[in-house]
Structures are given as structure tokens and as C-alpha cells.
Amino acid sequence: MARDGELETEWTGHDLFDVDGSKIGTVEDVRFGDATGELKWLVVNTGHFGAKKAFVPAKEVRRSGDRLSVAHTNERIKGAPKVEDESVLTETEQAKLCQYYGLQYVSPPTEPQEGCVDMEDNRPAG
């Protein structure tokens with residue numbers, strides 16, 4: 001199992017591409033869950049000189065070699081809710097981000113998971 005520092009190195013500095021293959025930005029940092037320690041968010045620099053940043057749920061990102069991609073458009077990522085303090089995501093901010101990406105926010109210790117999970121009502125019946 002990779003340690004946090006190894007995961008940060010594995011993801012940071014890589015460009016993130018959208019569903020159409022357009023570059024969204026560069027992964028600047030990563031955020032881990034407080035309770036589980038699992039990778040939850042990628043902080044992506046989407047603007048010139050680091051002026052704009054967006055949070056992307058790590059579970060939505062796919063890796064192929066050194067290429068990272070996400071099944072959202074560039075505009076969708078750049079339109080994500082802004083975070084007050086990039087170094088600390090509040091539960092409220094995480095819930096807003098999860099909802100924005102069509103996911104449900106789960107907060108421990110009531111659940112064995114934390115962060116964004118697929119919304120129950122988005123699953124096909126049957």
C-alpha cells in the first residue's frame with residue numbers, strides 16, 4: 001500500500017484532461033479523508049499563475065499511464081463550487097462538491113466510507 005507522500009507524488013504535477021481530451025489543468029495537490037486516510041480529492045490548478053483551482057473527486061479520475069482524465073467537461077470542472085480554504089475542506093464544502101458532481105456525501109463515523117459515493121437514487125432499478 002502506498003503511503004500518503006507516494007500518492008501525492010503519483011498524482012501531483014500531472015495534467016488532467018476532460019471527457020473530450022482537452023486539458024483542464026494540472027494536479028497541484030491531493031486531499032485525503034480524515035477518518036479513512038483514503039485519497040478523496042484532487043486540487044487542480046485551472047488558471048494562469050495558480051489563480052484558479054477546482055476540486056475533483058479522485059474516484060472520478062481515470063489513469064492511463066501518465067495521463068489522468070475525468071468523465072466531465074472542462075466547463076463542468078471549472079464551474080465547481082469554490083472552496084474557502086483549499087487546505088481544509090469542511091463537511092459542508094465536501095457535501096456541496098459531491099452534490100455538484102452528482103454524488104452523495106457520506107460522513108463517518110456513521111458509515112464505513114467517507115467522501116463522495118454514488119447516489120442511491122441514480123442507480124438503475126432492477
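Observations
- For the stretch 3-107, the strands (runs of 3 or more DSSP E) that sit wholly inside it and include 2 or more residues that are modelled with pLDDT of 90 or more are 15-17, 23-32, 39-45, 53-57, 61-64, 67-70.
- Answer residue from the stretch 108-122, given it is part of a loop (DSSP other than H, G, I, E, B) and of a type in the set (D, E, K, R) and is modelled with the lowest pLDDT among those: Glu111
The values are calculated or read from the model by the stated rules, or taken from the named source; none is laboratory data. Since we're looking at a predicted model, the values are computed, not measured.
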